[in-house]
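Everything below concerns the one structure shown next.
Each value in this text was obtained by applying a stated rule to the coordinates, not by laboratory testing. Fair warning: this is a prediction, and the values are worked out from it, not measured in the lab. Positions of Cβ are generated from backbone atoms using ideal geometry, with glycine treated the same way; all protein chains shown enter the neighbour counts.
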Amino acid sequence: MRITRDLLIKLARDSAEKRFKADPGVVAVFLVGSVLRDEPLLGGTTDIDLLVITKNEPDIAREVAKLSNEIHLDILFEQESLYAKPRELRGDPWRGWTMWDPLLLHEKGKFFEYTQSSLRAQFDDPANLLARARAFSVPAREAWTSMQLGGEPNLSEYLPAVENAANALAVMTGFPLAERRFLLEFPQRAALAGHPELNDTLLAMIGGLDLIPETLRAWLPAWEDAFTHAAQSVSDTRIHAFRLAYYKQAILSLLESEIPVSALWPMLRTWAQAAESGSLEEAHLQNWKAALQTLGLDGQGLELRLQSLDHYLDVLEELLDEYGVQHGL
């Protein structure tokens, strides 16, 4: 099957029609995410991101549904009340960018027209841009403080802090970074923000600065085994069985790209989620611990990585403070 953007949009429309049009509790359905951008495919796979706005609190927050071996639906359900104040969404880096330019697939009433028009007004004002950046930088610093003062740091807190730190810089020049292209797109965002050197700092924070592609290739079987085992054992949509090819083919593709180390982030993030599921057996955990040791993300190594995170956040906070002063904020 030849996968094109037109095909993906048709699949999105058909899914919205079949699943949600007749549901009285659904206010609107949007196509969001990578399908709307230049190149939705990575490694020949993609997901179709749907945002379903419901009148009442949804029964589930997220659903993954397989369409083919290469394509799956990733459906996020959110209550209408979360979008009741569009002006406040201007400072929300996720919902704000989501409502900036989605593709409307289904709607009851005038939800989208009102929300988007209010959101877009002054969306790019410095105060709103700074608010979106600080929506990431503040929790990143809070997590660093918690780990620094609260005893031995843990990866379940550290990796989200790294992700927030990177996105705080990324949203100075656009939307937040997608998980699979996280390290692939960050260098350009850092350069646009005037701090290209922070790319090396980001890589240092996750042990990727001197990592060679052969190491990542050697880890692939252990990563896949852990992912598969966790996907069969727990109901976590982040590591759903339907998403294995989505990640694996992306990792293989990234290893062949101009920035092969960019394969590290989707592998590391999902491997950590599998380990955190509590379902892995001792053999899985031994492979995971060996990888963490290589990356310097275990025990004392992680404490040293916190220093890189601290340095990154110092530079970031100075940048945001200077931006605020320049614009009288």
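A few notes on this one:
- Eigenvalues of the alpha-carbon gyration tensor of the chain, scaled by 5 and square-rooted, set the equivalent ellipsoid semi-axes at 31, 27, 18 angstrom, largest first.
- At most 16 other Cβ within 10 Å, DSSP loop - GluC sites (Glu not before Pro), segment 114-208: 179, 197
- Mean ellipticity per residue at 222 nm, deg cm²/dmol - from DSSP H runs of n ≥ 4 across the chain, formula -39500 (n - 2.57): -17500 deg cm²/dmol
- Applying 1/(1 + (r/R0)^6) with R0 = 30 Å to the Cβ-Cβ distance of residue 10 and residue 122 gives a FRET efficiency near 0.30.
- Gain upon complete extension [residue 307, residue 235; 0.36 nm per residue less C-alpha separation]: 22.4 nm
- Seen from residue 246, the other residues with C-beta closer than 14 Å to its C-beta sum to a net charge of +1, counting Lys and Arg as +1 and Asp and Glu as -1.
- Taking label points 7 Å from Cα along the Cα-to-Cβ direction, residue 21 and residue 315 give a separation of 5.1 nm.
- Non-local lysine pairs in the chain, meaning eight or more places apart or on different chains, with alpha-carbon distances under 28 Å, amount to 25.
- Cα gyration tensor shape for segment 194-291, rounded if a/c is under 1.5, else prolate or oblate: prolate
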